[in-house]
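All of the numbers you see were taken from the coordinates with simple rules; none came from a lab. Everything quoted here is computed from the prediction, not taken from an experiment. Using ideal geometry, Cβ is built from the backbone for each residue, glycine included, and neighbour counts are taken over all protein chains shown.
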């Protein structure tokens, strides 16, 4: 069971399931099954066939089957609606269903699970509102989860002081301590409490972190710490923090850029060239690399090597031009519907093909092997783009499901010609057309986001290119006027 699936299980089947991934879904205190129609719903739910479970549950409720209409059925319906992005109806269902839940611990766990699921769908104000319903401390790691989620949501809302206050009295396990310290440190820095934030980030670095994910967290902490010192013009401290970041990690480019500025702040211009030249040799699509292409000739000029600096400015101009031309070619690829369809296919490969493609997906951890996806990797991983991708996947799934229904109705027309299937066929066709129109609009919206990002990147590259040309011209002008100045009486 995935983390997302476990979250929905806890929220949607409060009385039937546990929230722990991989745990037995039958929870202590669950009510016995009294209704075979409801049992059919649960069968499909336990098979991860969320859409089939949802349609059967809605039918059972419409037919007034008792167990489908009690609090358990309502909470299950809310969880399934949430899995398909029906946030408003899902919240209303949770609120109504939990009114009859008399156990505070179970009720609070359900609100926490709902808040997690809402956050995963970028419904952050609603997630914070759900957390406010928790009226007592939770048990063990659940309380730590609540603190961490609350702080993350508050940081996202710009309420940094509240986030720091939430994490001050940490009650989680040691395994979560480094993450809590990182989040607290970032919150304190953004709240202007620099010394306190730096202290927390230093503690992340001194933690015993071994796993790759934890090493990446330490790199992020040191990068944030280093840039905090840079802003305070504490060059030595910044250099020490940024040197601790691994050269091959996800934070390495930003750390190399900052390390060069720390050396430059110490007036060690030749030493600044070491990280900046390493960074400039990397993929020009990265923003830190683009800045390094300007930083290298800047350091060379300060190190009294104007000819080499002018040459490097020309290198930067050419690298920027190559990237601009590449982006121009990517625009045509982004304009095709296949741009979104390949993303949907790539995300489908991440999970079990037997499960409902309509259920929520995790952020993409790999992309199709094509330049347009590499150039837009950060946009694709962003919350807004992922939300649109979720919607596109649901619509694509519904379209496929409707096609299956259409085929079944065609078979029934042959096997039972006496029945009137025309109304059903017309309704399916109507829904299919509506689904196709909405899918086309969603594709177009995602393509527009990608095209706008390419345009912004191209504009930034042109600005950098202009700056590089100006820097080169300035150095050449100085070289041309220097001999004349030497001849003056």
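Fully extending the segment from residue 460 to residue 378 would add 27.9 nm, taking 0.36 nm per residue of separation and subtracting the current Cα-Cα distance. Measuring r between the beta carbons of residue 195 and residue 244 and using R0 = 25 Å, the FRET efficiency lands at 0.80. For residue 341, put the label point 7 Å out on the Cα→Cβ axis and report which residues of the stretch 391-422 keep their amide N under 15 Å from it. From the stretch 391-422, the list is 393, 396-397, 399-400.
Computed extension gain for residue 437 through residue 89, at 0.36 nm per residue and net of the alpha carbon distance, reaches 123.0 nm. Look at where the Cα atoms of the stretch 258-284 and of the stretch 120-161 average out, and the two centres are 40 Å apart. Computed packing ranks the peptides 192-201, 78-87 as 78-87, 192-201, most packed first, by mean other Cβ atoms within 10 Å. The protection proxy used here, the mean number of other Cβ atoms lying within 10 Å of each residue, ranks peptides 465-472, 69-76 as follows, highest first: 69-76, 465-472.
Per-peptide packing, taken as the mean over residues of other Cβ atoms within 10 Å, places 422-431, 248-257 in the sequence 248-257, 422-431 from highest down.
In this simple spin-label model, placing a label point 7 Å from the Cα along the Cα-to-Cβ direction at both residue 318 and residue 416 gives a separation of 7.4 nm. Extending 7 Å from Cα along the Cβ direction at residue 215 and again at residue 407 yields two label points whose distance is 4.7 nm. Taking the stretch 260-293 and a reference point 7 angstrom along Cα→Cβ of residue 478, the backbone N atoms nearer than 15 Å belong to 269-270.
Fully extending the segment from residue 36 to residue 71, taken as 0.36 nm per residue of separation minus the present Cα-Cα distance, adds 10.9 nm.
Paramagnetic label reach from residue 46 (point 7 Å along Cα→Cβ; backbone nitrogen cut-off under 14 Å): within the stretch 59-101, no residues.
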